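Peer 1: This is the structure I have questions about; it appears just below.
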Amino acid sequence: MNAPRAPLAFADVAPGAANQARLFFFGAVLAWLAPALRKAGSPDTLFAQHPFLHDYLEQIDRPELDGLALETCWQAWHEAGAAWAAEQSGLPIRRLQAALDLDDAAIGLVFQIGLIEDDPRFAALAADLQDGAPRPAWGWLAACHPALEPDAVRERLQALLNAGLLHAEMQGPRAAWSLAVPLAVWDALCARTVEDPALRLRAAAQALPLKHVVAPADARTAATPLALRGLPGSGRMSLAAALAADTGRATLSLRASATTSRMEVAAARAIALLADAALVLDARRQLPDALPQLVNAVDCVLLPLGGGELPPQVSVLRLDPPAPDDRRRMLRAAWAAAGRDEPPLALAEPHRLPAGVWQRMITRALTQADPARALAASLARRGDATLASLAEALPAGGDWNELALPPRAAEEIAWLELRCRRREALAAGVGAALAAGLTPGVRALFKGPSGTGKTAAARILAAQLGKPAFRIDLARTVSKYIGETETNLSRIFEAAEAIDAVLLLDEGDALMAGRTGVSNANDRYANLETNFLLQAVERFHGILLVTTNSAERIDSAFLRRIDVTIDFPAPDAAVRERILAIHLPREHAVPAEVLSRFAARCALSGGQWRNVVLHAALLALDAGGPIGADALELAIRREYRKSGQMCPLREGTEP
């Protein structure tokens, strides 16, 4: 090579991120050529051993480099690249360097390590230079850099590791650590599309304008890192994207797992900086074990309502479902935007759903010929796969005429229904001190013997409120594995609140039993479960109905949190006669005085009377006639035999 006639310059290189990456790539080739040439002894030997290097050298060759040593070529190349980049704005690598305080030599090291991902022939070269190791090692890079002293290389390598731009196989002494560039980081550095299932990039143009997102008033001014807590469908990602777009940035979300590490978050942050994006840690489905250590490295973290310990400096916003007035505004705006008249505002009042769920239902309804009817149908059949996997859907339908209750219980049921209907408006009707402690959650305890109508009352209440009802399945919820019961309960409460379902905890004393003194690990774990359930019940802003036939076993702390307690006593004779009248068909043939006598003498529960009528109906169907006194008596005697009790009826039925 001849001495350069002028300083190297890249005036002929078009501006842009891809060309900046290309210049760094060729600079990295020069960094490999210097130690390779030293070991080979001559260019001819080197190109004979690794002919692909000659092709690269032809692409790099410029008149200004003629006559320069390879080490000097490397220095000239990087200086020219820096001058070329300085004349441009918005280059991703420059943005990354400014945010992480990295110089061109540090970025050059990343490309020197990463180019193996694009051309595996460099792995063969690395193996030739490092006694078989196919990736560059920490010690070899420090010793063989074309321009930097070993300590300067080591300092930059450590900074790159901390920044997530490098990954090290930390086996053996540090000098032997094998270094690589995470593939997603490498693609981002090379201005290519990042293909990583845990990462999702949303352009700023894809985000909703912040003014169209239902969000707390202080969302725009909240400091980062920002934690957004909410139900599924509450719009946490929409708000995070809108906040980023409001500052002109895209959004890069990283889907979290239990094992998400600081290095994964650091790598995602580097990619976010390259994309000019806000980094969002999406922990809506699973909380990382190291969450407190990860939050400070992100702009925003998306969390469920409960769980996830956060450092005190994190700003937390809770995205509660929109209030009735906000729901009506959403309906008016959507109907107006679609050119429709008369939005169904009455549907907004009873359904306390997250903003995202509302928006999706409204959008789907507006594609139908009758959007109001479509929205009503969608609200009526809403469900949730998570909830269905851990709870049993109760059949919808029924009214209070189907339930025979003593006057006091009927009065309390009516009061409970009113409380449920007005739960969102209640805070506006009381003083500020009382309103501060009110939430839309309603918790009721139904206590009484089995078969007295507790579950039926829960089903009818849900039907009257127009809400789906689910019964917690203890067999699928309670686990012998530590922490799994709490996880399942958390998922149930969150899913139920997200679809505004009535949640029934049958035999609640099984989970709400009083805490005990700790004499062993089992006691300690049982008390932890009770404490967790207490917190979950307090956080739950939906309607929770708890049934029990052993109220005395329930922890007093739960009882203090109950809003309404309703006694379902064993039915007296008058109530038993009403139960029979409700269950029997209109065309039965049992004389009134016989019904009265059966009800007076047979102290069966409501559930047992149901069984009696079902059996009597079978007997009548088999005989080909209506239910008569004989069939009813036989069914009563069968029910007593089944329960192991003596039937109080004499043999034979008086006319």
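FYI, it's all coordinate maths here, none of it is from the lab. This is a predicted model, so every value here is computed, not measured. Neighbour counts are summed over all protein chains in view; Cβ atoms, including those assigned to glycine, are modelled from backbone coordinates with ideal geometry.
Peer 1: How large is the convex hull of the Cα atoms of region 392-567 per residue, expressed in Å³ as a whole number?
Peer 2: Taking only Cα atoms, region 392-567 has a hull volume of 124 Å³ per residue.
Peer 1: Right, here's the next one. Give me a comma-separated list of calculated 3J(HN,Hα) values for region 538-550, in order, Karplus coefficients 6.51, -1.76, 1.60 applied at θ = phi - 60°, integers in Hz, x for any Gly or Pro.
Peer 2: Calculated HN-Hα couplings, in order: 5, 6, 6, 9, x, 9, 10, 10, 10, 10, 7, 10, 9 Hz.
Peer 1: Based on the Cβ-Cβ distance of Ala589 and Arg638, what FRET efficiency does E = 1/(1 + (r/R0)^6) give at R0 = 25 Å, to the nearest 0.05?
Peer 2: 0.85
Peer 1: With an 8 Å Cα cut-off and a minimum separation of 6 or more residues, compute the relative contact order for region 5-124 in percent.
Peer 2: The normalised contact order for region 5-124 reaches 43 percent.
Peer 1: If you average the sequence gap of Cα pairs under 8 Å that are 6 or more apart and divide by the length of the chain, what percent do you get for the contact order?
Peer 2: 9
Peer 1: Translational diffusion coefficient, Stokes-Einstein: compute it for region 8-114 using the Kirkwood radius over C-alpha pairs as Rh, at 4 °C and 1.567 mPa s, and state it as an integer in µm² s⁻¹.
Peer 2: 89
Peer 1: Within the chain, which is the longest segment that contains none of the GluC sites (Glu not before Pro) sitting in a DSSP loop with at most 10 other Cβ atoms within 10 Å?
Peer 2: After excluding every exposed loop site, the longest remaining stretch is 310-586.
Peer 1: Which whole-number percent gives the relative contact order of region 370-491, counting Cα pairs below 8 Å spaced six or more residues apart?
Peer 2: 43
Peer 1: Just add up the charged neighbours of Pro134: K/R +1, D/E -1, any other residue whose Cβ is under 14 Å from the Cβ of Pro134.
Peer 2: Cβ neighbours under 14 Å give a net charge of -3.
Peer 1: If each DSSP helix of 4+ residues adds -39,500 (n - 2.57) and the sum is divided by the residues in the chain, what number results at 222 nm, nearest 500 deg cm²/dmol?
Peer 2: -14500 deg cm²/dmol
Peer 1: Same structure again: What Rg and what Dmax come out for region 237-283 when only alpha-carbon atoms are used, in angstroms?
Peer 2: Spelled out, the Cα radius of gyration and Dmax of region 237-283 are 10.7, 32 Å.
Peer 1: OK, next. Mind jotting down a quarter of the surface of the convex hull over the alpha carbons of region 197-337, in square nanometres, one decimal?
Peer 2: Computing the convex hull of the Cα atoms and averaging its projections yields 8.6 nm².
Peer 1: What ranking of Arg328, Arg586, Arg284 emerges when the number of other C-beta atoms within 10 Å of each C-beta is taken as an exposure proxy, fewest first?
Peer 2: Exposure proxy ranking, most exposed first: Arg586, Arg328, Arg284.
Peer 1: Counting other beta carbons within 10 Å of each Cβ, put Cys300, Cys602, Cys73 in order, fewest first.
Peer 2: If I rank by nearby Cβ atoms, fewest first, I get Cys602, Cys73, Cys300.
Peer 1: Compute the distribution of all C-alpha to C-alpha distances in region 324-380, in bins of 10 Å from 0, and list the percent of pairs in each, rounded to whole numbers.
Peer 2: All Cα pairs, binned at 10 Å, distribute as 25, 66, 9 percent.
Peer 1: Using a 10 Å cut-off around each Cβ, can you sort Val430, Val357 from fewest to most neighbouring Cβ atoms?
Peer 2: Ascending Cβ contact count within 10 Å gives the list Val430, Val357.
Peer 1: Looking at the chain, what % of its DSSP beta bridges pair antiparallel, to the nearest 5?
Peer 2: Given both bridge residues lie in the chain, the antiparallel proportion sits at roughly 25 percent.
Peer 1: Turning to a different aspect of this structure: Among (i) 13, 18, 13, 13, 11, 10, 12, 8, 1, 0; (ii) 15, 34, 25, 16, 8, 2, 0; (iii) 14, 26, 36, 23, 1, find the value of P(r) over Cα pairs in 20 Å bins from 0, in percent that was calculated from the structure presented, and write down its label.
Peer 2: It is the value labelled (ii).
Peer 1: Would you compute the Debye intensity of region 17-188 from its alpha-carbon atoms alone, equal scatterers and no solvent, and pass along log10 I(q)/I(0) at q = 0.14 Å⁻¹ to two decimals?
Peer 2: Those come out to -0.72, one per q.
Peer 1: With N set to the residue count of region 328-439, report its C-alpha Rg divided by 2.2 N^0.38 Å to two decimal places.
Peer 2: So region 328-439 has a normalised radius of gyration of 1.35.
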